[in-house]
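Below: one structure, written as structure tokens.
None of the figures in this text is laboratory data; all of them are computed from the coordinates on show. On a predicted model such as this, the values are computed, not experimentally measured, just so you know. As a convention, Cβ positions derive from the backbone with ideal geometry for all residues, glycine included, and neighbour counts pool all protein chains shown.
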Amino acid sequence: MPATFTKSALMLSLLLGLGQAHAADVDALAAAHGIPHPAVIAHRGASFDAPESTAASYKLARDLGADYLEMDLQRSKDGVLFALHDNNLQRTTDVASKFPDRKDSPANAFTMAELKTLDAGSWYNKAYPDRARASYAGLKILTLDEIIDIAQANAQHKPGLYIETKEPQLFPGIEKDLKEKLQDRGWLSPAGSKLAKSELGVGQGKGKVILQTFEKNSLELLQKEMPQVPKILLLWVGEGSIEPKSKVTFAESGEKDKNAFYGKQEPKSEAEFKQWIDYAKAQGAIGTGPSAKLSHGGDQSYSDLVQPWMNKYTHDQGLLVHVYTVDEPVDFEKVMAAGVDGIFTNRASELLKFYKRPAAASVDQLLKNNGY
Ligand code: G3P
Ligand code: CA
């Protein structure tokens, strides 16, 4: 074995096994997991430019060259895995007109055949008239199978899948269902496959799937079912996650804007933050997904959990940091300077430009190429 290989293998085993990674080593740490560094994670697809979690959004993210298609996983009443962020269907579909009596029901109270009758695109045209397209009307909710088909369909670029178990307590056994589906579709191939060095994108390599969750119990189940697949523990400050310093609730705070309230939340102590990182590592996670406080606020602005000391501590434990959800260059700059290793974004086209990996064609052209 050449001396250089021995040295680098030793360094990686130190990074992965014993922790103590320094900023300069994080490239090697990500490479060891088969994860691009920094990573472009298309949040619900290219969801600034097309309706979230639909074919238009995922095809655009893929063709732009995003590393990962991000999705929130749920399970229909008849057991089909599909992508949807919210607990119910009101915000992003026409459930209120198709199923008026059941409009407030959780999505898992519907069969896949029922979910497939819904229009998951027209809401976007109403919400964002400046980005509306007639072809978005009538877009469907997608099954995991359909998203896998999309991820595999571009011969020039194959993104990976970045899958969140959303409200997993509502879906007992979803971690096992997910394993079986990924296995059936050939997405759990052994790490270190000869495709890992492919230029075709992360979807060909050993970091092709990343699993993410806010829930400790789901992280443990994902680790049990798929120990070989990289996992990220999502973090925020509030109930079920990091304990806040202040006990004052939003209702008591007098704040009008919920996200302005979240933006002021901070961990109870340094020790409280660190114990979540330690827990993630102990459970086999390869990194964390902390929230960001955005420069211009908005409904994706939360507590600033990517302060340099936080990222340094996480790196020192041998873990990566993928921050959610950042869309503007001013914030790309800020979180990268703070030391993150990848970004969940609704604007994959902008993040790719920021990383000097611009897409070969415009958003408009790529949407047209896909018939939108
Ligand atoms: O999964 C990371 C990020 O997506 C978490 O926020 O609410 O958009 O799923 P959310
Ligand atoms: Ca998510």
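Distance from the alpha carbon centroid of region 141-191 to that of region 66-93 works out to 12 angstrom. Looking at the chain, send over the antiparallel percent of its DSSP beta bridges, to the nearest 5. Percent antiparallel among DSSP bridges in the chain is about 15. Taking a Cβ cut-off of under 10 Å around ASP327, the surrounding Lys, Arg, Asp and Glu residues balance to a net charge of -2, with basic ones at +1 and acidic ones at -1.
Hydrodynamic estimate: the Kirkwood radius of region 174-311 over Cα pairs, inserted into Stokes-Einstein at 10 °C and 1.306 mPa s, corresponds to D of 94 µm²/s. Please report the relative contact order for region 201-284, taking Cα pairs under 8 Å with a sequence separation of at least 6, and give it as a percent rounded to a whole number. Once divided by the residue count of region 201-284, the mean separation gives 26 percent. In the chain, the alpha-carbon atoms span a convex hull of 142 Å³ per residue.
Measuring between their Cα centroids, region 306-366 and region 204-234 lie 20 Å from each other.
Pull up the cross-link candidates among the aspartates and glutamates for LYS312, meaning alpha carbon to alpha carbon under 15 Å and not fewer than 8 places away within one chain. Reachable aspartates and glutamates: ASP25, ASP27, GLU270, ASP278, ASP304, ASP341. Highest mobility in the GNM of the chain, judged by mean-square fluctuation with C-alpha springs under 10 Å and restricted to ASP63, ASP104, ASP331, is found for ASP104. For the charge dipole of region 229-293, defined by +1 on Lys and Arg C-beta atoms and -1 on Asp and Glu C-beta atoms about the Cα centroid, which residue among GLY289, TRP236, ALA260 has the Cα displaced farthest towards the positive pole? Ranked along the dipole, the leading option is GLY289. In the structure shown, the pairs LYS158/LYS181; LYS98/LYS264; LYS140/LYS176; LYS181/LYS293 are assessed against 28 Å; a Cα-Cα span above that value is assigned to LYS98/LYS264; LYS181/LYS293.
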